[in-house]
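Scroll down for the structure; my scribbles are underneath it.
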Amino acid sequence: MAPASGKRVACGVTGKLRPKRDLISLDTLRPSLAVRIRRDHPGLPPDALVSRGVVARYRSLYVEELLQQEKGELTELDRQVAESIATHETLAENIEEGYAEERTLGERMSDHLASFGGSWTFILTFGGFLIIWMIISSFQGDKSFDPYPFILLNLILSCLAAIQAPIIMMSQKRQEAKDRLRSENDYRVNLKAELEIRHLHEKIDYLIQRQWKRLTEIQQLQLEIMQEKRYRR
């Protein structure tokens with residue numbers, strides 16, 4: 001830059017004449033700050049002189065852009081998580097609904113019978129039926145349709161037990177199959193959650209590293225600003 005008006009030199013950015021001691025060469029600045037100034041003024045030569053006020057303004061602008069970029073990255077992370085939730089298949093399934101839709105009529109009947117056979121309603125009802133049967137048969141004596149020792153009643157109980165046992169076994173097998181499906185579904189959900197958590201940890205570690213780098217750079221810029229203030233005093 002050619003001197004003008006004695007010791008006053010034109011600023012490479014504003015073009016205003018400033019005292020030479022108030023100007024800083026562009027190649028002595030922090031490379032990232034010099035790149036930021038050249039982005040707005042691409043025609044500046046490497047040894048261009050710029051005023052301290054311009055340097056302070058661009059330094060403040062650069063810090064503001066760093067913080068804004070950091071905020072944008074956090075927002076980008078939120079957006080990626082939202083897209084992952086929207087696009088990826090939800091692995092959690094309602095096993096009860098899916099299994100109920102696949103049951104046949106016989107399977108539904110056996111499940112209801114097994115459920116009823118293992119309830120207090122069945123126990124009390126069947127117990128009352130046995131008591132009434134034995135009381136009526138005892139009062140009628142030899143004229144009863146099933147006198148003591150209640151052979152017909154024993155036959156009915158044997159037939160009922162023979163029928164109820166396989167029904168309960170069929171229901172238990174279906175319950176085991178349902179438990180196996182539930183375990184497989186839990187495994188898939190836990191695996192997906194583990195992978196998602198690991199992925200988020202990697203993103204968080206990356207963001208922490210980026211933030212630490214920016215905070216260090218901002219701190220160095222603050223030290224430069226303090227040195228500038230001391231120089232002016």
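Throughout, read-outs are computed from the coordinates displayed, never taken from laboratory work. A quick note: this is a predicted structure, and the numbers were derived from the prediction, not measured.
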* Structure fact -> With x for Gly and Pro, the residue-by-residue ³J(HN,Hα) of segment 115-131, computed from phi through the Karplus equation 6.51 cos²θ - 1.76 cosθ + 1.60 at θ = phi - 60° and given in whole Hz, is 5, 5, x, x, 10, 5, 4, 5, 4, 5, 5, 5, x, x, 4, 5, 5
* Structure fact -> Listed by chain and number, the residues whose amide H is under 5 Å from that of Ala10, excluding neighbours fewer than 5 places away on the same chain and using placed H, are Ala4, Arg18
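Using only the C-alpha atoms of segment 8-67, find the volume of their convex hull and express it per residue in Å³.
Taking only Cα atoms, segment 8-67 has a hull volume of 69 Å³ per residue.
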* **Reciprocal mean inverse distance between Cα atoms of segment 89-211 - Kirkwood radius, Å** => 19.5 Å
